[in-house]
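Below is one structure, written out as structure tokens; the observations come after it.
The values are calculated or read from the model by the stated rules, or taken from the named source; none is laboratory data. This structure is a prediction, so every number in the text was calculated from the model and none was measured. A quick note on method: Cβ atoms are made from the backbone with ideal geometry, for glycine too, and the neighbour counts reach across all protein chains shown. Just so you know, the surface numbers come from the protein's heavy atoms only, side chains and all, with ligands and any DNA or RNA stripped out. Shrake-Rupley method; radii C 1.70, N 1.55, O 1.52, S 1.80 Å.
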Amino acid sequence: MTIKSLTLLLCIAIIVGACSTPEKPKNQQDIGTAFGKSKTVTYPAPPVPFETPMYLQVGQFVRYGITDKDGKKSIASYSVIGHDGDVWVLESYSLTSGNESWTQLKVAGLDKAMVSRSSDDINIITARTRNNNDAPTEIDGVVLSITKGIYKDALSHWTLKPTPIGKDDVITVPAGTFAGTMKGTTIMQMFGSSLSATGFYHPDVPISGLVKSTSSNGVEMSLLDFGTSGAKASF
């Protein structure tokens with residue numbers, strides 16, 4: 001079987017799986033609970049407008065509530081769970097009404113990518129995934145070579161550099177109120193298409209600094225929770 005055929009089969013499997021997943025009451029309840037929590041803390045305006053996020057450290061995490069154009073809600077989180085020299089171990093988590101999934105990536109070149117703000121500098125070394133209660137799956141060999149581009153696109157959340165279009169906005173989200181945010185625009189490449197977004201950024205938020213955003217496809221992201229320590233591997 002050719003690489004092209006493998007890629008096509010993989011994409012078909014992903015699409016079919018996504019479309020055939022029934023909604024689960026517990027998932028819907030957990031999503032509603034996460035969206036319903038809010039903090040009253042206020043983060044002061046920084047001395048200078050946001051330019052780049054804080055340095056990565058093991059334990060950092062961010063959790064976002066996502067609402068699509070049809071009003072469907074989901075949760076996405078990103079965390080730093082390991083570091084050795086030039087190699088970082090990153091974990092992403094997704095909770096939708098019908099599915100719960102985790103992805104762990106061991107990557108090199110992330111420090112360079114955080115400076116260049118380009119995911120092209122990232123090298124995916126290994127990948128592990130888990131869906132719902134299934135056993136973890138190791139992604140390697142031919143399959144990893146096929147999916148590296150997809151994983152790199154997904155990591156653009158870590159490396160995108162927003163173009164400033166405003167400052168000093170006060171933004172309130174479930175994670176708190178953030179004074180002096182920088183308003184900026186980004187363009188993300190995903191599956192060969194461009195996706196633009198307008199977001200608000202604050203230096204107290206790790207990983208990307210993002211507090212809230214609205215994308216050109218109608219998807220809204222709001223920060224639910226974050227921290228600079230405490231994140232650990234989920235599996």
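Once the 1.4 Å probe is applied to the protein heavy atoms, region 77-235 comes out at 44 Å² accessible per residue. Checking the table Lys106/Lys183; Lys73/Lys183; Lys73/Lys152; Lys72/Lys167; Lys112/Lys148; Lys39/Lys232 against a 27 Å threshold on Cα-Cα, which pairs fail? Listed pairs above 27 Å: Lys106/Lys183; Lys72/Lys167. Calculated mean residue ellipticity at 222 nm for the chain: -7000 deg cm²/dmol, from DSSP H runs with n ≥ 4 weighted as -39500 (n - 2.57), summed, divided by the residue count and rounded to 500.
Measuring r between the beta carbons of Thr198 and Gln29 and using R0 = 22 Å, the FRET efficiency lands at 0.10. Taking 1.306 mPa s as the viscosity and 10 °C as the temperature, the Stokes-Einstein diffusion coefficient of region 97-201 based on its alpha-carbon Kirkwood radius rounds to 100 µm²/s. Where the alpha-carbon atoms of region 10-140 are placed on the principal axes, they occupy 45, 44, 25 Å, in descending order. Taking other residues whose beta carbon is less than 14 angstrom from the beta carbon of Ala175, and scoring Lys, Arg as +1 and Asp, Glu as -1, yields +2. When the accessible area of region 102-214 is split by element with a 1.4 Å probe, what percent falls to carbon and sulfur? Within region 102-214, the accessible surface is 52 percent carbon and sulfur. Per-residue SASA remark: Arg130, around 60 Å² accessible (1.4 Å probe; ligands, DNA and RNA not included). Sites counted here are GluC sites (Glu not before Pro) in a DSSP loop (not H, G, I, E or B) having no more than 15 other Cβ atoms within 10 Å; the longest part of the chain that contains none of them is 52-235.
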